[in-house]
Structure formats: C-alpha cells, structure tokens
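The values are calculated or read from the model by the stated rules, or taken from the named source; none is laboratory data. Bear in mind that the values here come from a model prediction, so they are computed numbers and not experimental data. Cβ atoms come from the backbone with ideal geometry, glycine included; neighbour counts cover every protein chain shown.
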Amino acid sequence: MAEKQTGRDAIRKAIEQAETVPPKPANDPSSPDAPAIRVSGGALVMRPDGLFKTSDEHGSLPISGPFEVLSQTRDDEATIWGLMLRFRDPDGVVQHIVVRRDLFSGDGGELRNVLARRGLYVNPSNGARGLLAEYLSRVSTDKRALIVVRTGWHRINGQSVFVLPGRTFGSPSVEVIYQPATNDASVFNAAGLLADWRSSVSALCVGNSRLLLAVSAAFAGPLLDIVGEEGGGLHFRGSSRVGKTTALRVAASVWGGQPGTGAAGYIRQWRATDNAMEGLALAQSDTLLPLDELGQADARGVGDTAYLLASGQGKARSDRSGGLRTPTRFRVLFLSTGELSLADKIAEGGLGRRVKAGQEVRLVDIPADAKKGMGLFEDIHDAAEVEAFIQEIRAATTRCYGTAAQAFLEFLVGEIASNEQFADDGRAWMHDLVAAWLKPCPESGGQVRSVARRFALVAIAGELATRAGITEWDANDASEAAYACFRAWLAERGTSGAREDAQAVAQLRDFLMLHGDSRFHEWKDPDLGDTGHGGPPSNLKDEAEPSPPPAAERFRTVGRMGWRRRKSNSQRDPEAWHYYLTAGGMKEAMIGLDRNHATEVLIREGFLKPGGDGKAARSLSPPGFPKTRLYHVLPSIFSAEADS
C-alpha cells in the first residue's frame, strides 16, 4: 500500500525536483541551449522573440521581450543581491539594468514596472503576472559583478579601484558596475585632448592664485581617502562679475562637462534640497563638487548642508520594514561661490541666527578679490582686458574637459600600486606644509590648523598633478597659491585662535547693544551719598546689600534679561553702564555657544567680573528683588579692545 503523502511532503518534493537553469550565452539571446523551466501548467521558454509560457493545452503566452542574464550581482556589503540583464529597447538601443532579487517577491509588480520603464515589453495581463519574477528567481550563474552606488575609491578583495560612470581605474578581480541611486545624467564626460587642456586651460591659471587653487582643489578630491582627511569646502566670496564662476568652470573642466555647455555642465547649484544634495555627494564622491551661488540656498538649512557635505554621512532613514537603513557615506571636497559669506547667508534665516565656528571651518570663506584691480585675477596673460580673458577661459573650458582627471586617476592608481608608502608620504608632506605655514602663528588653535590642513591637501594635489605632467605649472605654483589664499582667509578671520572666543565677546556685546534699553531694568541707587551722577556709589564695596525699592517706572521693561547700572569703578573712571544678566539672559546672549566656555573667555579677557567665590556669576541684590546670582558685564565690552 502506497504511503499517504502529506502537504508538507509534497512541497518538499517539489522543491527538490525544481531545476535551476543557467543563463543563455550572453552573445546569443535565442540560444536553443537554454532549457525550459517547468512551471504549473507548462514551461517558461526564452525564444528569439521573447519569454513565453508554453503548454500543450493553451499554446504560447507571451511574458516579456527577449533579454539576457549576464551576471549575478551584489553590493559591496553583500546585503543586496540581484541580476544584470541586457536587452534592446524599441529603438534598438542596448540597455543594461540591474534588478534586485527582492523585486522577485510577491506578484513582481515593481519588477515589471522597472523593466517596462527601460523599454522591455512586459505582458500586463493577469495570467502573465508573477511568471517573469519566477523565471528570474530560478536563473543561476557563476559570473559575478559588484554593484556600487557612489563614485570614488572602493576596496575590492584588498585592492583599491576608483569607479566613475562607465570606467573603473585599477584592475579589480570582479566586474564593477556603477549604479547610482538617482537617474541624473552623468557629468563625467570628456572632450578634447589632455594636451589641449594643458595648454589652453591650465596654462592660463599661472600667476592667478585663485585659479591655481581652484584647479588644485579639483585634483584634491581623490586624495581625501588616501591620506585619511575629512571632506570640506572652499568658498569664493565676492561681488558679481568678479570672476567667481570662471574659477568654478576652470575647476570643473578637470572632471567633466556636457556637450554644448562644456565644463559648465559639470557645475551644480546650491539651490537644492538636503536629499538632492546628498545624492549629488554620492554621485561625485572622491571627485569635485562645484556649487554655484550660495545666495540661492535656503538660509535656514545652508549650515546643515555644509555639515552634511563635510561629514561624509547622509541622514539616518528607515527601511520598508521600519528598521534603520545604513546611512549613505561619501567623501567630497566642494568648491563654492557666492556674493555672501556663509555667516551672512545664515543670518538671513532670522533674527539671532549666527554661523557656528564648526560651520565656518567646514566651508572656508576666501575673498575672491585678489586686490590687483582685476577682480579674482592677477595676471590676464596677453588678453587686452579682463572680460576678454574670461571669454578665452570660457571658450577653452567649453572645448576641453574631463581628460585631466582621468590622467590623474591613472597616475594615482599606479603610485598606490608601486609605492606602499604613498599615503604615509602624503601625510608627512601635509604635516610639513602646515608646520611651515603656521610658524608665524604658534598660538594657532585647532580650527585654524584644520583649515590649514585642507589648504595643504589642495597644494599637494596641485603639485602631484604637476609632477604627473598634467598641468603646465612650475613645481611650487600650487603650494604658493594655496598659501596665499590661506593667508587671505586668516586675515579675514581676524584671529588665529578659536573662533568661539571672539564670537563670545562679539555676541554678548551685540546682545547688549540690541536689548540694553528695552530688556534691562535700570538699577537706581538710593540717595545715600550716591545719586548715580558723579562719584562712585557708596555701596560699591558690598553690592550684596539690598537697596530700597526704586521709584515708579516710566517705561515698563518687557522680557527682562537683567539690570543696567550707571556708575564708575573709581574716582578716575568716568561713569558708564554696567550690565547684570540673569542666568536666562546669559543663556540667550550666548545661544549657539558653550556657555561655560564663553563665560571663561569673557572673564579671562576682562569683560566679565566674577564672584568672590570663583563662580562666573556674582551674588547681588537688585533694588526690590531678593539676592540672586547675576553676570556682571563691565563697560569695557564696548571698547576697541573688545573688537580686536
């Protein structure tokens, strides 16, 4: 008697008997060597005219147009697998597309949509649904390919390769396929010969510190990963028509452009959402991201965008199941232009909004005007005037672009393969440059040193490109230009110390000047030998003693932040306003800063009088109020010394 078969046994037997079908030879989509896949009610067969379900009872049901399975794909973390397909669209153009295996689940609706958008015929009828996904889920191949979603450096089986759309620099052990997260057209195109770019573009940069810096910055992107530096930006700030966009075009010509517009087609705009900017960073990771017109950016989010680009990590997002998706990672050096500085742009976002020192370090503000009477330029070579020089550069960058970066990447790949100390040598070179540049400023803080490292990296990139024969510059042109622009930045900054220190003084002074009359109640001393006009008040020695209630106010203080008291510190000092801030007042005045550090700076610089117990706030009794701790701000906060 035959043993009764359970439902589970039937399922197990069906799985054991299911066949895995190898893909057809890639050069012949209609090969008869591809066996049919048996399914319920028939078989799936790939024919020259497409994929069909065949059965003796119903004949042939078309499923899709013909396609080939070229390889099995995975991402660099082996968490997303898929298949690389090839087919011709209705115009006969060969299409390559990677379809993820998770699209095979369910009825395969998203899979059909993806393929149909690229031009493959897909039968929409109910009877054909699910069969395309079933066919692809049963295909297996030994050929592998690695999918990457960002440009730049990747480590594949211990080897460094650099990926650009359509080309991989290095010799990876597996095929590498670049599949960006967005469908934005590639800007990494090339036109002209390297020799033409060298003679018509890079040669015009000689003698122009800002142009030399811009092109050197374009070469610096691939070095970020090699020497282990964070990303960041350089911002050319100046009035319109000073030549800022020309510098951006020259830098963009290193990496690519678009037919018709030339290198201008590689330039992006600041006017973009955070998500769009993150996509741009992925699409131009380890290269150059040129951003034009900071003034068009959203004032409320531009500071966060600077952090996003410099940090190299996208926003945390959830996946379809509600879990945390791995944040995108990238490395980008961005070059920016605008009539406003980052601080001015952030201030547009509303009253009290200030740039943070960390934001200024991530986007370094460089005055575009070179102070030679020609805007950004210092040498217009043989041009009759500045406008003619700009037009010459525009024509050259429209004709020649994209070749310099390819030559530089070939040079870097060769150096990395032949010199195990290449990265260490680069870091040592940076250290020496920074040490030499900061020798006149031994008190330089960490922020200044961080910016100096970025300029040094840019200098090294320019000099490496010169060593590789890519530019027509002298050996030290790039370093001298980077140092000149670094000095210009430092002069504009006004201090080689921590920016927060100077900002604490300026922020408190501005707060008092803005709210001194409206939010600070006048502290009037009693008429016991102290009228508030003349000599020092009699109770200066012990301000902790309570005072009688003041006379009726003429104007009411709204949103009190403290008190102001007119007095002199000694017989020789003139009377001046002393301010006494409550804890809430000091918190509001120091918004955006570390309040403890800020008060330490103010005490050290002599603008804040501490209490006798060593605390920053003093225990005082304003007229009509109980004893409380107040921050005593001295009149010297308004002096010229405070400005410096």
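Whether any residue in segment 404-415 is on the phi > 0 side of the Ramachandran plot and either among the charged types (D, E, K, R) or not assigned by TED's automatic domain parsing to the domain that holds F638 (or both) is what I want to check. Don't jump to the end; show me each part of the working.
Going residue by residue through segment 404-415, those that are on the phi > 0 side of the Ramachandran plot are none.
Checking segment 404-415: not a single residue is on the phi > 0 side of the Ramachandran plot and either among the charged types (D, E, K, R) or not assigned by TED's automatic domain parsing to the domain that holds F638 (or both).
Within segment 111-159, restricting attention to residues that are over 37 Å from the mean Cα position of the chain (by Cα) and polar (S, T, N, Q), the residue that is nearest to A423 (Cα to Cα) is T141.
Considering only residues in segment 225-279 that are of a type in the set (A, V, I, L, M, F, W, C) and farther than 26 Å from A407 by Cβ, the one that is nearest to the chain's Cα centre (by Cα) turns out to be M277. Does segment 616-633 contain any residue that is touching a residue at least 24 places away in the same chain (Cβ under 8 Å), within 18 Å of L514 (Cα to Cα), out of contact with any helix residue (DSSP H, G or I) (no Cβ under 9 Å at 6 or more places or on another chain) and among the polar types (S, T, N, Q)? So far as segment 616-633 goes, no, none of its residues is touching a residue at least 24 places away in the same chain (Cβ under 8 Å), within 18 Å of L514 (Cα to Cα), out of contact with any helix residue (DSSP H, G or I) (no Cβ under 9 Å at 6 or more places or on another chain) and among the polar types (S, T, N, Q).
Note on segment 37-49: residues that are surrounded by fewer than 20 Cβ atoms within 10 Å (Cβ to Cβ) and either at pLDDT 90 or above or on the phi < 0 side of the Ramachandran plot (or both) total 8. In segment 65-88, the residues that are touching a residue at least 40 places away in the same chain (Cβ under 8 Å) and within 21 Å of G50 (Cβ to Cβ) reach residues that are part of a strand (DSSP E or B) and among the aromatic types (F, W, Y) with C-beta atoms within less than 9 angstrom, at least six apart or across chains, in these pairs: G65/F87; F67/F87; E68/F87.
The set of residues in segment 433-471 that are free of Cβ contacts under 8 Å to residues at least 24 places away in the same chain, over 24 Å from S160 (Cα atoms) and exposed (fewer than 15 other Cβ atoms within 10 Å of the Cβ) comprises A435, A436, K439, P440, P442. When restricted to residues that are aliphatic (A, V, I, L, M), closer than 27 Å to I393 by Cβ and at pLDDT below 95, segment 253-280 contains 2.
Note on segment 531-575: among residues that are of a type in the set (A, V, I, L, M, F, W, C) and surrounded by fewer than 15 Cβ atoms within 10 Å (Cβ to Cβ), the one that is modelled with the lowest pLDDT is L540. Note on segment 363-385: among residues that are touching a residue at least 12 places away in the same chain (Cβ under 8 Å) and of a type in the set (G, A, S), the one that is farthest from F455 (Cα to Cα) is G375. Within segment 115-136, being within 16 Å of G82 (Cβ to Cβ) and buried (at least 18 other Cβ atoms within 10 Å of the Cβ) holds for L115, L120, L132, A133, Y135, L136.
Applying a threshold of 9 Å to beta carbon distances and a minimum spacing of six or more residues, or different chains, the list of pairs starting in segment 570-592 at a residue that is outside the structural domain of A347 (by TED's automatic domain parsing) and ending at one that is assigned to a helix (DSSP H, G or I) and among the acidic types (D, E) reads L581/E588; A589/D510. Residues that are within 24 Å of the chain's Cα centre (by Cα), at pLDDT 95 or above and within 22 Å of L288 (Cα to Cα) number at least 3 in the following helices (runs of 4 or more DSSP H) confined to segment 383-483: 403-418, 422-437, 446-467. Got a sec? Which of S140, S171, S186, S199 is closer than 16 Å to H96 by Cβ and polar (S, T, N, Q)? Sole residue among the options that is closer than 16 Å to H96 by Cβ and polar (S, T, N, Q): S186. Within segment 410-432, is even one residue in contact with a Ser or Thr (Cβ under 9 Å, 6 or more places away or on another chain), β-branched (V, I, T) and either closer than 24 Å to R237 by Cα or free of Cβ contacts under 8 Å to residues at least 60 places away in the same chain (or both)? Within segment 410-432, none of the residues are in contact with a Ser or Thr (Cβ under 9 Å, 6 or more places away or on another chain), β-branched (V, I, T) and either closer than 24 Å to R237 by Cα or free of Cβ contacts under 8 Å to residues at least 60 places away in the same chain (or both).
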